[in-house]
1. In whole Hz, with x marking every Gly and Pro, tabulate ³J(HN,Hα) for segment 263-273 from phi via Karplus 6.51 cos²θ - 1.76 cosθ + 1.60, θ = phi - 60°.
2. Checking the a/c ratio against 1.5 first, then a/b against b/c, what shape does the Cα gyration tensor give for segment 2-58?
3. Tell me which residues come under 5 Å, amide H to amide H, from N86 once H is placed; ignore anything under 5 positions away on its chain.
4. With unit charges on the beta carbons (Lys and Arg positive, Asp and Glu negative) and the dipole taken about the Cα centre of the chain, which residue among Q208, N3, G139 sits farthest to the positive side?
5. Using the Kirkwood radius built from alpha carbon pairs, what does the Stokes-Einstein equation give as D for segment 149-228 at 25 °C and 0.890 mPa s, in µm² per second?
6. Once you compute Rg and the Kirkwood Rh from C-alpha atoms, what is the Rg to Rh ratio for segment 72-212?
7. May I have the extent of the alpha carbons of the chain along their three principal axes, as whole Å values ordered from largest to smallest?
8. Using a simple charge model, +1 on the beta-carbon of Lys and Arg, -1 on the beta-carbon of Asp and Glu, nothing else, what dipole does the chain show about its Cα centre, in debye to the nearest 20?
Amino acid sequence: MANIAFIGLGNMGGPMAANLLKAGHSVKAFDLVPEALKQLAEQGAEVAETAIDAVQQAEFVITMLPAGKHVAELFLGEQGILPHINDGALVIDCSTIDTATVLRVAAAATERGLAILDAPVSGGVAAATAGTLTFMCGGKADAVERAKTVLQDMGKNTFLAGDHSAGQVAKMCNNMLLAVQMIGTAEALQLGVNNGLDPKVLSEIMLQSSGRNWSLEVYNPYPGVMENAPASNDFKPGFMVNLMIKDLGLAMENSVATHSATPMGALARSLYASHGAQGNGQLDFSSILNLLRS
């Protein structure tokens, strides 16, 4: 079992850290929200007074933060943790952030002689809780193999996408495709309903036809079709609209930087931004159906 520092106990980080505790690892945690620390302490975690305190004895340093600016500040700021991480420790940043920040932090960590991975996740809060996340890693192959010691207790799939920042590129590509899929699925279902079709019957037809996709099969956006989907629970997330807007923004920034044509991604971002601006940012991303209904 490993000594792990875990920084960032939000909707995703909290359940991930809890699964590490359930697997028998020693977890020393830090978060700016006292209640999040209290909840994890009740499950057996040690509470650190500062982020620096959290990392000083750790074999693995795992971070799950909201945005690139938070990751840069945590590692490279005036009170940054990078100088205080043990020699030989492996850093695993599971945040979904911009590639420029990933490369900047990776360069600083490498200069210090530390192994580091960007390892954003797919699966949302449900998978974080169930321990079935998918990790998309950017870094060195030996670091990924070593990381599996802890990643396997939080997820069911770990991929090496390429060198530093490749994990973030894989994540943005996946979530851009997911957004396009979800909008198309919701659009098709609403068209059928507007013509008098039962959305459950239409879903069954499309699942056995060429329109089959993950959103239709696992995360149906029409209320009442799939009992356990957010759509059947007042669109409680899940994966929030605001997070999809963030991820699509990262994809669009990258598409500009790499001169990539992403017309469907740009349209998806525009539609989700409109939906979020109407006060729906805290709803599940499948609630895009409501934008199409109106």
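The values are calculated or read from the model by the stated rules, or taken from the named source; none is laboratory data. Here the structure is a predicted model, which is why all the values come from computation and not from measurement. FYI the Cβ positions are ideal-geometry reconstructions off the backbone, even for glycines, and counts take in every protein chain you see. Note: accessible area is taken over every heavy atom of the protein model, side chains too, but ligands, DNA and RNA are not part of it. Shrake-Rupley method; radii C 1.70, N 1.55, O 1.52, S 1.80 Å.
1. Along segment 263-273, the couplings run x, 5, x, 5, 5, 4, 4, 4, 5, 5, 5 Hz.
2. Values: a/c = 1.57, a/b = 1.01, b/c = 1.55.
Because a/c hits 1.5 or more and a/b fails to exceed b/c, segment 2-58 counts as oblate.
3. Close amide H contacts, sequence-distant or interchain: A58.
4. Towards the positive end, the residue furthest out is Q208.
5. Numbers: Rh = 14.7 Å.
Reported coefficient: 167 µm²/s.
6. Working: Rg = 19.8 Å, Rh = 17.2 Å.
A ratio of 1.15.
7. Taking max minus min along each principal axis of the Cα atoms, the chain gives 64, 45, 34 Å.
8. Values: 17 positive and 27 negative charges, 106 e Å.
I would put it at about 500 debye.
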